[in-house]
Amino acid sequence: MGHAERRASLREHLHTSGLDALLVTDLLDVRYLTGFTGSNAAAVVVADPGGDAGTDLLCTDGRYRIQAAEQCPDLDVVIDRPSAPAVASRVPAGTRLGYDSATLTVDGLAAVRDAVPGRELRRAPGLVGRLRETKDDTEVAAIRAACELADTALRDLLDAGGLAPGRTERDVALDLEDRMRRLGAAGPSFDTILAAGANSAIPHHGPSETVLRRGDLVKIDFGAALDGYHSDTTRTFCLGPAADWQRDLHALVDTAAAAGRAALADGTPVAAVDAASRSVIDDAGYGEEFPHGLGHGVGLAVHEAPWLSRNGFGTIAAGQVVTVEPGVYLEGHGGVRIEDTLHVVAGGPAVALTRLPRELIEL
Ligand code: ZN
Ligand code: ZN
C-alpha cells in the first residue's frame, strides 16, 4: 500500500472523529503516512482534500528540502521550524484540528497553541497508531526481510564458531551486530541482549565483559533494522551438553511458546493469547519466574501496540505482526526465552517470520 492510501484510511477516521484535520507529530507516524524519513518533521492530514481545511502538508527544516521533495513528491512541503507549530499555523482558522495526545508532549502542545492563538485543538489520541497496528503487504514484506536478515546473521555466527566459550558477551554481541550490518541492516533494532550463565536469568541483561563458559545457557535477543522496519528474535543455546535442568527449562519454555503461537489468531483477545502460554508455565510452578508480558507488535517501532499481556485489552486482528516470547528466569542459575515474530493472517494460524530452529542447540 502506498502512503496516499494510508492517508486515505486516516481520512475515514477523521470523519468518524469529527475532525477536519489531524496534526501528526510522531516521526514514525509521519513516516508511515508520508514516506518521509528525516529526523525532524510534522504533517497535517485533512479529512477532505481541497476543502476548507486545505490540503495535506509535510513540514520539515532546510536540511531536508531535497530529501522531502524526493520522498514526498505528491505532498505540499513546508520548510520551516519548529515543524509542529509551523504546520499547524498553516491550517485555516475555523477548522477542527486534532492532535495526538498520546504522543505530543506538554511542551509541544504549548508551542502549537502559541502558534494558533484562540484556536480550539482537539485531543485525538492514537488514530495513526491504531492504523499502524495492521500491516499492509509492503510492511509485512519489509519485516519479513528484516527477520530473514537477522536469521542469516545468527546462522553465520554459529557456523563461524562465534558462540563459544572464552569470548565475552560483549564480543559476541558486537560480532552479531556487525554481521547484521554487513548483510545490509541499518543496524540492530535495539541493543542486543546477550546473556550467559547466571546472567541469562536477567530478562534484559546488557552484554558485559562476562566470559562465556562451557555449560552456560546463552540467551540472545536481537533484531535487525531494515528499511525502517524491524525483527525481534530470541534463542537460548547451551555451550556444550545441557544439564537436565537446562534441558527441562528449555522444553518448558518451548512448550509455552508453542501454545502462545497456536493461540495467536484473528479475533482472539490479547489476554487470552498471553494466558494460553502463561498457563503452561504457571502449571509447571514457574509463574513467578515469568515476569513480563507475552509479546508486542513489531513494525516501524520494534516495540509497539498491540501489547500481549495479562492485562492487555483488545483482540488480535489479521494483519498484525507480533512477537510471542515467554521466558522463565531462575535467579542465580540461568534463564530461557524463546521469541518469534509472527504475522497474523485471516482464517489460519499465524505465520512465523523468524525461521531459526527452536529446539535446544548444544554447541
Ligand atoms: Zn526480543
Ligand atoms: Zn520482543
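The values are calculated or read from the model by the stated rules, or taken from the named source; none is laboratory data. Note that the coordinates shown come from a computational prediction; the quantities given were computed from them, not determined experimentally. Please note: Cβ atoms are built from the backbone with ideal geometry, for glycine as well, and neighbour counts cover all protein chains shown. Only protein heavy atoms, including side chains, enter the accessible area calculation; ligands, DNA and RNA are left aside. Shrake-Rupley method; radii C 1.70, N 1.55, O 1.52, S 1.80 Å.
Structural remarks
- Single match in D48, D100, D80 (criterion: open to solvent by less than 50 Å² (accessible area, probe 1.4 Å), over 30 Å from D178 (Cβ atoms) and outside the structural domain of G184 (by TED's automatic domain parsing)): D100
- Among the numbered conditions (1) buried (at least 20 other Cβ atoms within 10 Å of the Cβ); (2) closer than 17 Å to L127 by Cα, the only one that L75 does not meet is (2).
- Boolean, G297 is under 16 Å from E339 (Cβ atoms), in the same structural domain as A201 (by TED's automatic domain parsing) and either under 19 Å from the mean Cα position of the chain (by Cα) or open to solvent by less than 30 Å² (accessible area, probe 1.4 Å) (or both): yes
- Residues that are more than 29 Å from the chain's Cα centre (by Cα) and under 17 Å from R170 (Cα atoms), drawn from segment 216-250: D216, L239
- Test: D266 is within 16 Å of ligand 1 (Cβ to nearest atom) and under 20 Å from the mean Cα position of the chain (by Cα): no
- When S231, S189, S200 are screened for being touching a residue at least 40 places away in the same chain (Cβ under 8 Å) and over 19 Å from P357 (Cβ atoms), only S189 passes.
- Residues being among the hydroxyl-bearing types (S, T, Y) and more than 15 Å from ligand 2 (Cβ to nearest atom) - total across segment 227-266: 1
- Only listed residue being in a helix (DSSP H, G or I), farther than 27 Å from A196 by Cα and open to solvent by 30 Å² or more (accessible area, probe 1.4 Å), chosen from A258, A262, A251: A262
- Any hit, segment 232-241, residues being more than 16 Å from ligand 1 (Cβ to nearest atom) and basic (K, R): no
- Considering residues of segment 1-26 that are in contact with a Phe, Trp or Tyr (Cβ under 9 Å, 6 or more places away or on another chain) and assigned to a helix (DSSP H, G or I) only, the residue nearest to D61 (Cα to Cα): H3
- Within segment 323-343, considering residues that are more than 13 Å from ligand 1 (Cβ to nearest atom) and not in a strand (DSSP E or B), the one least open to solvent (accessible area, probe 1.4 Å): G332
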